[in-house]
Amino acid sequence: MPDQNADLARYFEFFNEVGILNQLSTAMFEARLPPGFTVSQFAVLNHLIRVRDGRTPLDLARAFQVPKTTMTHSLAVLERHGLVQMAPNPGDGRSKCVWITDAGRTFRDTAIAALAPDIADIAARFPAQNLQSALPVLTALRRLMDAQRDA
């Protein structure tokens, strides 16, 4: 019979490390973003490119697990800077959809490129094959947790 306490401790240690990595990587990334922008705002742009744009603010709030008011604020900042465009939802005409602009795509690409020196420094000290072996496990866990969230 497996030791449930040992398993719980392992899971806690894992999620603790992931949380610390999130804090460290967020601080590193925000130091490279233009003043006034946050990783959360970048994440919206990245999501619109990775998943697809044309989503409603409510869809985005659910995806990021934040209140709709928080997402509305982030979208207002992005729209004010011309990085997204809000348009009436063609499906119902009542809500709005969010579309990433060419400037938003450029902003995202530039932000990622700004991380290159930090990533190069890490890569010089931490072999890429270590990341490659961890990615399938992290991806599988993310998919499981996404499915649980959406259930």
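Would you mind stating whether residue 92 is assigned to a helix (DSSP H, G or I), over 13 Å from residue 41 (Cα atoms), acidic (Asp, Glu) and over 17 Å from the mean Cα position of the chain (by Cα)?
no
Determine, yes or no, whether residue 104 is touching a His at 6+ places or on another chain (Cβ under 9 Å), assigned by TED's automatic domain parsing to the domain that holds residue 49 and either at pLDDT below 95 or not in a loop (DSSP other than H, G, I, E, B) (or both).
When the stated conditions are applied, residue 104 passes them.
Is there a residue being within 18 Å of residue 33 (Cα to Cα), surrounded by 11 or more Cβ atoms within 10 Å (Cβ to Cβ) and modelled with pLDDT of 90 or more anywhere in region 134-144?
No, every residue in region 134-144 fails to be within 18 Å of residue 33 (Cα to Cα), surrounded by 11 or more Cβ atoms within 10 Å (Cβ to Cβ) and modelled with pLDDT of 90 or more.
What is the number of the single condition among (1) farther than 28 Å from residue 151 by Cα; (2) more than 16 Å from the chain's Cα centre (by Cα); (3) surrounded by fewer than 17 Cβ atoms within 10 Å (Cβ to Cβ) that residue 101 does not meet?
(3)
Of the conditions (1) without any contact (Cβ under 8 Å) to a residue 24 or more places away in the chain; (2) surrounded by 10 or more Cβ atoms within 10 Å (Cβ to Cβ); (3) closer than 22 Å to residue 109 by Cα, residue 19 clears all except one; give me its number.
It fails just one condition, (3).
When you check residue 64 against the structure, is it among the aromatic types (Phe, Trp, Tyr) and either modelled with pLDDT of 95 or more or within 30 Å of residue 151 (Cβ to Cβ) (or both), yes or no? Write out each step before concluding.
Working: among the aromatic types (Phe, Trp, Tyr): yes; either modelled with pLDDT of 95 or more or within 30 Å of residue 151 (Cβ to Cβ) (or both): yes.
The answer is yes for residue 64.
So, in region 121-132, how many residues would count as being surrounded by 10 or more Cβ atoms within 10 Å (Cβ to Cβ) and either in a helix (DSSP H, G or I) or touching a helix residue (DSSP H, G or I) at 6+ places or on another chain (Cβ under 6 Å) (or both)?
Here the count works out to 4.
Output yes when any residue across region 41-58 is in the same structural domain as residue 150 (by TED's automatic domain parsing) and within 17 Å of the chain's Cα centre (by Cα), and no when none is.
No, every residue in region 41-58 fails to be in the same structural domain as residue 150 (by TED's automatic domain parsing) and within 17 Å of the chain's Cα centre (by Cα).
The values are calculated or read from the model by the stated rules, or taken from the named source; none is laboratory data. Computed from a predicted model, the values in this text were never measured in an experiment. Reconstructed Cβ throughout: ideal geometry from the backbone, glycine too, with neighbour counts over all protein chains shown.
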